[in-house]
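The values are calculated or read from the model by the stated rules, or taken from the named source; none is laboratory data. What you are looking at is a predicted structure, and each value in this text was computed from that prediction instead of being measured. Note: ideal-geometry Cβ built from the backbone for every residue, glycine included; neighbour counts use all protein chains shown. In case anyone asks, the SASA skips ligands and DNA or RNA and just uses the protein heavy atoms, side chains included. Shrake-Rupley method; radii C 1.70, N 1.55, O 1.52, S 1.80 Å.
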Amino acid sequence: MKWNSRIRNTAAAGVITLPLLLSGCGLFGGSSAQIDPPPTDMETRMLEGLDAVEQTSFSQEETLSTVYLVNEHGKLAPVALHLPEGEASLKLNRMLELLVKDGKYAGLLPAGFNGILPAGSEVKAVTVKKDEKLAIVEFNKAFVGYEAADERKILEALTWTLTGTPDVEKVQLWVEGEKLNEMPVNGTPLDRPLNRNFGINLELKAESGLSQLSPVIVYFSAATPDGVQYFVPVTRFVPAGGDQVKSALGELLKGPQQGDGLERVVTDNTKLDSVEVSKDGVVTVALTDDMFEAGEKLPAQMLQSLVLTVTENKDDSKVRIWLNGQKEVVGMDNQTYSEPVMRPETINEIPL
C-alpha cells in the first residue's frame with residue numbers, strides 16, 4: 001500500500017513542535033507537548049548550531065516569531081524562530097531581515113532553509129498603519145536584484161510573514177522612497193496591497209480558468225536533512241461555489257504532487273465522511289480508515305495537518321476529529337483531538 005511510511009513512526013510530538021490548544025484552555029498539560037529525547041546525533045547537531053550563533057543575543061521578552069523560508073525543494077514553509085535581540089518597534093524589520101539570502105542572520109536558520117530576498121537587501125523601514133492593518137515596507141536598491149523565477153516567491157514570503165502578525169492584513173512595497181506599482185523584473189502587478197489571498201506555493205494547471213476556480217490551502221509534510229518533519233502550505237484550486245473546508249480536505253486526501261519533496265499525511269484508505277459546523281464554530285471532521293483499529297492512537301502528524309488545513313480555510317474555527325465512528329480520538333502525542341482544538345500560535349519550531 002502506498003502511503004507515507006513515516007506516518008506511524010514519526011508522528012509523535014518529537015518530530016515537530018505544534019502545540020494544539022483546547023477550546024478555552026491553555027496548552028495541553030499547561031505546557032507544550034512532551035517530546036521524546038532526540039537521538040544522540042541530533043543532539044550533537046543542535047549543540048553545533050548553538051555554537052554557531054553563540055554571539056547573537058535573543059530577546060527574552062518576545063515569543064517565537066514565524067517567518068517563511070525556502071526549503072531545499074523550493075517550497076516556502078513557515079518556520080518559528082527566536083528573533084535576535086533589538087528594539088520592540090523594529091521587530092518586523094528583524095523578521096524580514098531573516099529572509100535575506102546570506103544576510104546577517106543567515107546563521108540562525110535551520111539546516112535546509114534559506115531566505116528568498118536578494119543578497120544585500122536592506123529593510124530601511126516597516127511602517128504599520130494600524131487603522132488599515134497595512135504594512136508599508138521600504139527596501140534599498142538591492143531588493144530589485146533577483147531572478148525572475150523568484151519574483152512570486154519573494155512576494156509570497158513577504159506577505160505571509162507579515163500577515164502572520166496581529167496588526168497586519170495587507171502589505172505594500174517601496175524601494176528607495178518610491179512605491180512599487182509592479183515588480184521590477186517580471187512585472188507582477190502591485191496596484192493594490194497584497195494579502196493572503198495571493199496564495200502560497202501555487203499549484204495551478206496552465207489550462208485552468210481562474211474565473212471558474214477558488215483557492216484552498218492544504219498542509220502537507222516535508223522533512224529537513226536531519227529528518228525532522230514539518231508542515232508546508234500549498235495553494236490548490238478547486239471548482240468555485242463548493243464548501244471551502246470540504247474541498248480543502250478533499251485535496252489533502254489526494255496527497256501531494258510527485259517530485260515536489262512533500263509527503264502524504266494520510267493513508268490511501270482515508271476517506272472523508274462528513275464535515276459539520278456547529279453554531280459556535282466547531283468544525284467536526286468525520287473520517288474512515290481501515291488502517292487503524294478502535295482505540296489505537298493516531299499519528300499526530302496526520303491529525304495536526306487536518307487541524308491546520310481546516311483552520312486555514314475557515315477563520316476563527318475550532319476542530320474536532322472523529323474516526324471510524326469513534327468519538328474518542330487520541331494522537332500519538334497524547335492529545336485528544338475529538339475535543340475541539342484551536343489552531344496553534346506557532347508551527348514548525350525546528351532545531352538548528
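Numbers for the structure displayed
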quantity	calculated
Qualifying residues in the stretch 235-260 (those that are touching a residue at least 40 places away in the same chain (Cβ under 8 Å) and either under 20 Å from Asn348 (Cα atoms) or of a type in the set (Val, Ile, Thr) (or both)) - the one surrounded by the most Cβ atoms within 10 Å (Cβ to Cβ)	Leu252
Qualifying residue in the stretch 177-188 (condition: in contact (Cβ under 8 Å) with a residue 12 or more places away in the chain and polar (S, T, N, Q))	yes
Out of Glu263, Glu276, sole residue that is under 19 Å from Ile347 (Cβ atoms), open to solvent by 30 Å² or more (accessible area, probe 1.4 Å) and modelled with pLDDT of 95 or more	Glu263
Hits in the stretch 285-304 (condition: surrounded by fewer than 22 Cβ atoms within 10 Å (Cβ to Cβ) and either part of a loop (DSSP other than H, G, I, E, B) or modelled with pLDDT under 95 (or both))	Asp289, Asp290, Met291, Phe292, Glu293, Ala294, Gly295, Glu296, Lys297
Residues located in the stretch 66-100, provided they are surrounded by fewer than 21 Cβ atoms within 10 Å (Cβ to Cβ), closer than 19 Å to Val137 by Cβ and among the acidic types (Asp, Glu)	Glu87
Total residues in the stretch 274-284, condition in contact with a Ser or Thr (Cβ under 6 Å, 6 or more places away or on another chain) and either within 15 Å of Leu252 (Cβ to Cβ) or assigned to a strand (DSSP E or B) (or both)	2
Enumeration of residues in the stretch 101-116 that are touching a Leu at 6+ places or on another chain (Cβ under 8 Å), open to solvent by 30 Å² or more (accessible area, probe 1.4 Å) and not in a loop (DSSP other than H, G, I, E, B)	Asn114
Test result for Gly164, open to solvent by 20 Å² or more (accessible area, probe 1.4 Å), in contact (Cβ under 8 Å) with a residue 12 or more places away in the chain and either closer than 21 Å to Leu262 by Cα or part of a loop (DSSP other than H, G, I, E, B) (or both)	yes
Every residue from the stretch 284-321 that is under 19 Å from Tyr219 (Cα atoms) and more than 23 Å from the chain's Cα centre (by Cα)	Ala286, Leu287
The stretch 96-114: number of residues that are hydrophobic (A, V, I, L, M, F, W, C), touching a residue at least 12 places away in the same chain (Cβ under 8 Å) and more than 16 Å from Tyr146 (Cβ to Cβ)	5
Complete set of residues in the stretch 217-234 that are in a strand (DSSP E or B) and open to solvent by 10 Å² or more (accessible area, probe 1.4 Å)	Ile217, Ala223
Asp280 vs. criteria free of Cβ contacts under 8 Å to residues at least 60 places away in the same chain, in contact with a strand residue (DSSP E or B) (Cβ under 7 Å, 6 or more places away or on another chain) and more than 20 Å from Leu76 (Cα to Cα)	no
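Yes/no per residue for (1) of a type outside the set (Ser, Thr, Tyr); (2) in contact (Cβ under 8 Å) with a residue 60 or more places away in the chain; (3) in a loop (DSSP other than H, G, I, E, B):
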site: Leu306; (1), (2), (3): yes, no, no
site: Trp322; (1), (2), (3): yes, no, no
site: Asp333; (1), (2), (3): yes, yes, yes
site: Ser338; (1), (2), (3): no, no, yes
site: Pro344; (1), (2), (3): yes, yes, yes
